[in-house]
Amino acid sequence: MGYYGIDVYYLVLVLPVLILSLYAQFKVKSTFNKYSRVGNSKGMTGADVARTILDRSGLYDVRVEAYPGYLTDHYDPRTKVVRLSRSVYGSTSVSAIGVAAHETGHAIQHKEGYGPLALRSSLVPVANIGSSIGPTMAIIGLLLGMPIFIKLGIILFGAAVLFYLVTLPVEFNASSRAIRTLEDTGILNYNEIDHAKKVLKAAAMTYVASAAVAIANFLRLVLITNNRRDD
């Protein structure tokens, strides 16, 4: 049962959540595209909304920039920049407004010192290392009979899993802030708010699916290493 091959753990643990992840990606794209054809009644672009919410929150030093790619929107806390994809930055669609408001939610989290966001940021370096070399290190440890490599690989990969788990409250909170702000400011009307909620809910599914994939792969790694050590 090699880690990189097809084994019972892959079929039982990983494959189902991979299917869930594919569905989540399809769902967010189809939902975003659906409401990309619905304009908001105020005629505001994603960039307009982001700037309005940031200024309302006193975040005058946070810039809003267009960013290449599709659904590549994100907030960079290091440079204090809200980066909006081309399909959001200049679009007046309800989808664009929801996504833009969501990203400003991260900027507000940063300003307020929101705990889960700070924890996620601190985990980025070790999570990047853990996701790329953790499983390989654990398997090498098994092949070479070096328990320290096995433990270190599992710990590193565990840090990557923790990153995905911490991401969930960060993203859910940003979406909640976005909807609340859009309602309070009247940027979107009642029907438009409902559409924006659907877009952000679909996006949230992708984070849940990513966390599930990470957990499944982690459990698979632990089970494989335990079985091989027993052998």
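The values are calculated or read from the model by the stated rules, or taken from the named source; none is laboratory data. All values derive from a computational prediction rather than experimental measurement. Note: ideal-geometry Cβ built from the backbone for every residue, glycine included; neighbour counts use all protein chains shown.
Is it fair to say Thr52 is touching a strand residue (DSSP E or B) at 6+ places or on another chain (Cβ under 9 Å), at pLDDT 95 or above and either under 30 Å from Leu223 (Cβ atoms) or hydroxyl-bearing (Ser, Thr, Tyr) (or both)?
Spelling it out, it is not the case that Thr52 is touching a strand residue (DSSP E or B) at 6+ places or on another chain (Cβ under 9 Å), at pLDDT 95 or above and either under 30 Å from Leu223 (Cβ atoms) or hydroxyl-bearing (Ser, Thr, Tyr) (or both).
Of the conditions (1) buried (at least 20 other Cβ atoms within 10 Å of the Cβ); (2) assigned to a helix (DSSP H, G or I), Phe172 satisfies every one except a single condition; which number is it?
(1)
What number of residues within the range 141-169 satisfy the criterion of being at pLDDT 90 or above, more than 20 Å from the chain's Cα centre (by Cα) and surrounded by fewer than 18 Cβ atoms within 10 Å (Cβ to Cβ)?
Qualifying residue count for the region: 4.
If Arg56 satisfies all but one of (1) on the phi > 0 side of the Ramachandran plot; (2) out of contact with any Lys or Arg (no Cβ under 9 Å at 6 or more places or on another chain), what's the number of the condition it fails?
(1)
Take the conditions farther than 18 Å from Ala96 by Cα, surrounded by fewer than 20 Cβ atoms within 10 Å (Cβ to Cβ) and either within 16 Å of the chain's Cα centre (by Cα) or modelled with pLDDT of 95 or more (or both) and apply them to Ala212. Does it pass?
yes
Quick check: is even one residue across the range 180-195 modelled with pLDDT of 95 or more, within 20 Å of the chain's Cα centre (by Cα), of a type outside the set (Lys, Arg) and in a helix (DSSP H, G or I)?
No; the residues of the range 180-195 include none that is modelled with pLDDT of 95 or more, within 20 Å of the chain's Cα centre (by Cα), of a type outside the set (Lys, Arg) and in a helix (DSSP H, G or I).
Would you point out which residue out of Phe163, Phe218 is in contact with a Lys or Arg (Cβ under 8 Å, 6 or more places away or on another chain), in a helix (DSSP H, G or I) and closer than 28 Å to Val8 by Cβ? It would help to see each step written out before you state the result.
Values: Phe218 fails: in contact with a Lys or Arg (Cβ under 8 Å, 6 or more places away or on another chain).
Unique residue meeting the criteria: Phe163.
Determine, yes or no, whether Leu219 is without any contact (Cβ under 8 Å) to a residue 60 or more places away in the chain and among the hydrophobic types (A, V, I, L, M, F, W, C). Show your work before the answer.
On the way: without any contact (Cβ under 8 Å) to a residue 60 or more places away in the chain: no; among the hydrophobic types (A, V, I, L, M, F, W, C): yes.
Here the answer is no, as Leu219 does not meet what is asked.
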